[in-house]
Amino acid sequence: MKRSDRLYSLIEILKDGKLHRAEDMARDLGVSIRTIYRDMDTLAASGVPVEGERGIGYSARAAITLPPLNLTETELEALHLGLAAVGNGVDGELQEAAKTLSAKIDAVLPEDRHGAPASFGFAVYPFADAAYGFRHLTTLRSAIRNRQKLRLTMQDQSLRDVRPLKLDYWGRVWTCLVWCDTTDGFATLRADQIEQVTVLPGLFVDEPGKRLEDYSA
């Protein structure tokens, strides 16, 4: 079981409000008790209201419970852009509330998809980096719709001529799946690591081996 899947399973176990022993959860999930202890620390750091301690048991309680919401990627972008602005633009109670709210949202979002960079942790992304990546999303989304070729300047100053195919959301980190003409292959690029986007003349057309469906296959 992937770590993010296990963390989600633990949330499902704990949300009934009852006390659950680490030994029982470890047995049910097929991991060690030490792993459960580490996972509890991760959930707590992510804003999940975990209560309890080692040797006794754990439960999760929330002061306010909202009904399930189905959000579009654009709605998630707007939500986290607002949280990023509050988290970086104010001090005190509102800043802390923005950080804990964002962590709670990250903790329940799916994050393991094809091609996810291994460096992505669970609900541990700095607000400043997230806000930095938002500035390119409108251009990237427009280029995907219009099949517009782009030249990307990355943080390491490397240049990539790409055909943008899809935007993905990973919990405050956005990535863009592209066919890279520079490297002649598919690539998943983090939006917050793109320094500059230049629109190139001419549109691209579907070519076998370079399409989104080819990547998915």
Checklist line | Filter result for TRP174 (under 19 Å from THR139 (Cα atoms) and touching a residue at least 60 places away in the same chain (Cβ under 8 Å)) | finding: yes
Margin query: Anything in the range 193-212 that is among the hydrophobic types (A, V, I, L, M, F, W, C), over 13 Å from LYS149 (Cβ atoms) and either open to solvent by less than 50 Å² (accessible area, probe 1.4 Å) or modelled with pLDDT under 90 (or both)? List them, or say none.
Written below: ILE194
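For the range 28-42, does any single residue satisfy the condition of being in a helix (DSSP H, G or I), touching a residue at least 60 places away in the same chain (Cβ under 8 Å) and surrounded by 13 or more Cβ atoms within 10 Å (Cβ to Cβ)?
yes
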Next item on the list: Tell me, please, whether a residue that is at pLDDT below 75, small (Gly, Ala, Ser), closer than 25 Å to ASP39 by Cβ and open to solvent by 40 Å² or more (accessible area, probe 1.4 Å) can be found in the range 75-90.
Entry: no
Next item on the list: Note down all Cβ pairs under 7 Å where the first residue falls in the range 195-216 and is of a type in the set (Gly, Ala, Ser), the second is open to solvent by less than 60 Å² (accessible area, probe 1.4 Å), and they're at least six residues apart or on different chains.
Entry: GLY202/LYS149
Checklist line | Residue check for ALA143: open to solvent by less than 40 Å² (accessible area, probe 1.4 Å) and in contact with a Cys (Cβ under 6 Å, 6 or more places away or on another chain) | finding: no
Next item on the list: Go through the range 148-178 and give me each residue that's among the basic types (Lys, Arg), at pLDDT below 95 and within 22 Å of GLY209 (Cβ to Cβ).
Entry: LYS166
Checklist line | Hits in the range 182-192 (condition: of a type outside the set (Phe, Trp, Tyr) and modelled with pLDDT of 90 or more) | finding: THR182, THR183, ASP184, GLY185, ALA187, THR188, LEU189
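The values are calculated or read from the model by the stated rules, or taken from the named source; none is laboratory data. A quick note: this is a predicted structure, and the numbers were derived from the prediction, not measured. Note that each Cβ is placed from the backbone with ideal geometry, even for glycine, and that neighbours are counted across all protein chains shown. Side chains included, ligands, DNA and RNA excluded: accessible areas come from the protein's heavy atoms. Shrake-Rupley method; radii C 1.70, N 1.55, O 1.52, S 1.80 Å.
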